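Notes follow the structure.
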Amino acid sequence: MILFKAITLFASGMLLSTAAVAGNYTESQRELYLDTLEAARAGQQVQVNQAMPALQGYPLLPYIHYAQATRQFNAMTHADVEALLTNLEGTPLYQRFLTNWSVHLGERGRWPDFFNYFARVRSPGAQLQCLAARGELALQKTEQAYAEGLRLWQTGSSQHSACDPLFNQLIQAGTVDSDAGLERVLLALEAGNTSIANYAERFVTTPAAQQQLALIWQIYNQPESLAADPSLLSSQTPNAHRLALLATQRLASDNLRLALLTLSEQAQRLNIPKDLQTPLVNRFGVLYAKRFQPDAEAVLTKVDPDYHYSDLTEWRIRLALTEQDWSATRELITRLPNDVRQQGRWLYWALVADLQQGQTPDPLVLEQLTAERSYYGFKAAELTRRPFSLNDKPSEFSQAQLQQITQLAPMQRIHEFYLMGQTREANQEWNLMTTTLSPEQIHAAAHAIKDWGWYFQGIRGAIASDQWDDLALRFPAPYRDLFDKASKEFDIEPSWALSVTRQESAFLEVARSGAGARGLMQLMPATARETARRADIPLIDLERLNDADINVRLGSAYLAQMQSQFGGNRVHATAAYNAGPGRVRQWLTARGHLPLDIWIETIPFDETRSYVLNVLAFGVIYNTMAGQPARVFSDQERSMLAWSTQR
């Protein structure tokens, strides 16, 4: 029998641990924990038993208990399982163990026990759901099992191997008929999974269903046939709406314009509901607009003549901006839904359009816009010589309140994981903890975590607690001496690299993107090596990119290179830092003749456009908070705007 000693654990979100306040554990305890965890995973029970007395009360003890249990599933009794679950309560391990234990029981056909634990799994995956249906079959609940099994079979992708025995029984019983086969074929093709579609078509056996199957394959393989013959689909065609959308998706890869026009025609002919159309219309319409084709406005007008799709209307405004057609710009802004029209972006462009047409800006709109803490609000304030509005609302937590929140057992576990550099586990604990806390508690926890130096998680906490105006939490300024030193070394604006870092990594030193960018300023390995060579910065190996000093120096050096490459223009350099200098040169070749603010607004990459706006706004916030002179644009950049003080 396995014995699990109880420790105080966070369960309800309000209970406090009796253990020491976070931060009072020693490095030797952490080393002992790591050694013991490794021993537990290796099944070295003698070493684990020897260490356990010294680890009693240590916050991460449940992780050792879990590691022990995963090695001893076959020996565990019901009492052992319940004791372990008591110890795991309030940790991410609780649901993890429930899932694994349920799978263990299901694979062994222990169905009464399986359903007891399966009912406690919060979000069972396909493996567990298939095991549950197999259990229902074993318990003679055939109708219920077949219904559940058919639902699991009808998917556009492969299912877990645990589903195979269930699916075999469904097939033998004749439950998978032509209708079910057709549905899976269509689901698979919608997911682009032809192998599953080829498998599923063997179940389509009736003549009527085979005729439908032939049409489905024609639409998939020859989507242009629908464009050539719109009557190929009618309101009487089974799954006509889905087939029209499938044809649109297939066409879009080769002929985006034809895809949009075909969708528009079929939507009218078949009366496709707006909620089905919207994702594709917005996606493909915006994509076509971003190509800046000469007929883009005409195509979007044909697709959406009545301004039903605000994403398309916003890009029609951008197209009008590229023509500097201020009358069309102003008219299109009025076509936006009111909540979108009141956003700072469109308030700004409405004011610019009015100015360009010789009209006096509405003082109420100008007041509303300049009251915003945003790129557009700051830009309008700067251009009208008004003060920037930070709208800062500092928190008022006492040290006693912060100390109390750190005594929560999840916070102690988070702190230990953070100190050991195990941010994945710390994040898992945070994500679970925040589901049990009030917004005020999350806000306090975020401040406590920021005080540890985990600024990234503090920023996440501000968002989770909806504290957008707590600027000390959202805009910390760590490593300020490194940024100041690097800015002087490479002659760039002091807050620029700081703002880029806030946008890139939110001050997570070990951040690594899916593309491979590393460290505070998210440098790609090749860029880091080349910049190190040019700037004569030692970079012995890529792991040094997690060193704050090296990363900030390299990132600042690269910003300086980009600024030099783009004629001193910080906006173009910022865009290049995100999207690469090659793409920015392409955009400048295509639209570099436009005013700078229009060029920014028409950056075709959403990420890069938002990136530039954020970095410019963050610079204002950081300089203002530091009591330093703040501005959105340099004098040179300001003279390049559509709305300029020189107009």
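The values are calculated or read from the model by the stated rules, or taken from the named source; none is laboratory data. The structure presented is a predicted model; accordingly, all values stated were derived computationally and were not measured. Here the Cβ positions follow ideal geometry from the backbone for every residue, glycine too, while neighbour counts run over all protein chains shown. Quick note on the areas: whole protein, heavy atoms, side chains included, nothing else; ligands and nucleic acids left out. Shrake-Rupley method; radii C 1.70, N 1.55, O 1.52, S 1.80 Å.
Here are the numbers:
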{"quantity": "Breaking point among (1) touching a His at 6+ places or on another chain (Cβ under 8 Å); (2) among the hydrophobic types (A, V, I, L, M, F, W, C); (3) at positive phi, for Ile272", "calculated": "(3)"}
{"quantity": "Elements of type helices (runs of 4 or more DSSP H) contained in region 554-647, each with 1 or more residues being open to solvent by 30 Å² or more (accessible area, probe 1.4 Å) and either of a type outside the set (Ser, Thr, Tyr) or touching a residue at least 60 places away in the same chain (Cβ under 8 Å) (or both)", "calculated": "570-579, 581-591, 606-625, 635-638"}
{"quantity": "Every residue from region 284-295 that is surrounded by 14 or more Cβ atoms within 10 Å (Cβ to Cβ) and either without any contact (Cβ under 8 Å) to a residue 60 or more places away in the chain or among the hydrophobic types (A, V, I, L, M, F, W, C) (or both)", "calculated": "Phe284, Gly285, Val286, Leu287, Tyr288, Ala289, Phe292, Gln293"}
{"quantity": "Count of region 501-535 residues which are farther than 16 Å from Ala575 by Cα, surrounded by 21 or more Cβ atoms within 10 Å (Cβ to Cβ) and touching a Phe, Trp or Tyr at 6+ places or on another chain (Cβ under 6 Å)", "calculated": "2"}
{"quantity": "Tally of residues being open to solvent by 30 Å² or more (accessible area, probe 1.4 Å) and of a type in the set (A, V, I, L, M, F, W, C) across region 393-434", "calculated": "5"}
{"quantity": "Test set (1) open to solvent by 10 Å² or more (accessible area, probe 1.4 Å); (2) part of a helix (DSSP H, G or I); (3) β-branched (Val, Ile, Thr); (4) free of Cβ contacts under 8 Å to residues at least 40 places away in the same chain - Thr86 fails condition number", "calculated": "(4)"}
{"quantity": "Gly453 vs. criteria open to solvent by less than 40 Å² (accessible area, probe 1.4 Å) and either within 20 Å of the chain's Cα centre (by Cα) or over 30 Å from Tyr558 (Cα atoms) (or both)", "calculated": "no"}
{"quantity": "Positions within region 103-117 being under 18 Å from Glu89 (Cβ atoms) and open to solvent by less than 50 Å² (accessible area, probe 1.4 Å), in sequence order", "calculated": "Tyr117"}
{"quantity": "Options Gln401, Gln412: the member that is part of a helix (DSSP H, G or I), among the polar types (S, T, N, Q) and touching a helix residue (DSSP H, G or I) at 6+ places or on another chain (Cβ under 7 Å)", "calculated": "Gln401"}
{"quantity": "Among (1) in a loop (DSSP other than H, G, I, E, B); (2) surrounded by fewer than 17 Cβ atoms within 10 Å (Cβ to Cβ) - the single one Leu437 does not satisfy", "calculated": "(2)"}
{"quantity": "Pairs, first closer than 15 Å to Ser556 by Cβ in region 529-543, second open to solvent by less than 70 Å² (accessible area, probe 1.4 Å) and small (Gly, Ala, Ser), C-beta under 7 Å, six or more apart", "calculated": "Thr531/Ala557; Ala535/Ala557; Ile537/Ala557; Leu539/Ala528; Leu539/Ala532"}
{"quantity": "In region 183-204, residue farthest from Arg151 (Cα to Cα) [restricted to those that are without any contact (Cβ under 8 Å) to a residue 40 or more places away in the chain and β-branched (Val, Ile, Thr)]", "calculated": "Thr194"}
{"quantity": "Selection count where residues are buried (at least 16 other Cβ atoms within 10 Å of the Cβ) and farther than 23 Å from Ala320 by Cβ, scope region 266-283", "calculated": "6"}
{"quantity": "From Ala145, Ala200, residue being in contact with a Leu (Cβ under 9 Å, 6 or more places away or on another chain) and either under 25 Å from Gly106 (Cβ atoms) or not hydrophobic (A, V, I, L, M, F, W, C) (or both)", "calculated": "Ala145"}
{"quantity": "Every pair of residues 6+ apart whose Cβ atoms lie under 8 Å, when the first sits in region 476-492 and is within 15 Å of Ala560 (Cβ to Cβ) and of a type outside the set (Phe, Trp, Tyr) while the second is assigned to a loop (DSSP other than H, G, I, E, B) and open to solvent by 40 Å² or more (accessible area, probe 1.4 Å)", "calculated": "Ser487/Glu493"}
{"quantity": "Qualifying helices (runs of 4 or more DSSP H) (wholly inside region 317-392; at least 2 residues being surrounded by fewer than 14 Cβ atoms within 10 Å (Cβ to Cβ))", "calculated": "326-334, 338-341, 363-370"}
{"quantity": "Members of region 56-75 that are modelled with pLDDT under 95 and either surrounded by fewer than 13 Cβ atoms within 10 Å (Cβ to Cβ) or over 34 Å from the mean Cα position of the chain (by Cα) (or both)", "calculated": "Gln56, Gly57, Arg71, Gln72, Phe73, Asn74, Ala75"}
{"quantity": "Every residue from region 126-141 that is surrounded by 13 or more Cβ atoms within 10 Å (Cβ to Cβ), farther than 14 Å from Asp164 by Cα and not aliphatic (A, V, I, L, M)", "calculated": "Glu136, Lys141"}
{"quantity": "Selection count where residues are part of a helix (DSSP H, G or I), closer than 21 Å to Trp101 by Cβ and not hydrophobic (A, V, I, L, M, F, W, C), scope region 50-75", "calculated": "7"}
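For (1) closer than 20 Å to Ala626 by Cβ; (2) in contact with a strand residue (DSSP E or B) (Cβ under 9 Å, 6 or more places away or on another chain), each residue gets a yes or a no:
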{"residue": "Leu508", "(1), (2)": "no, no"}
{"residue": "Met521", "(1), (2)": "yes, no"}
{"residue": "Pro525", "(1), (2)": "no, yes"}
{"residue": "Asp541", "(1), (2)": "no, no"}
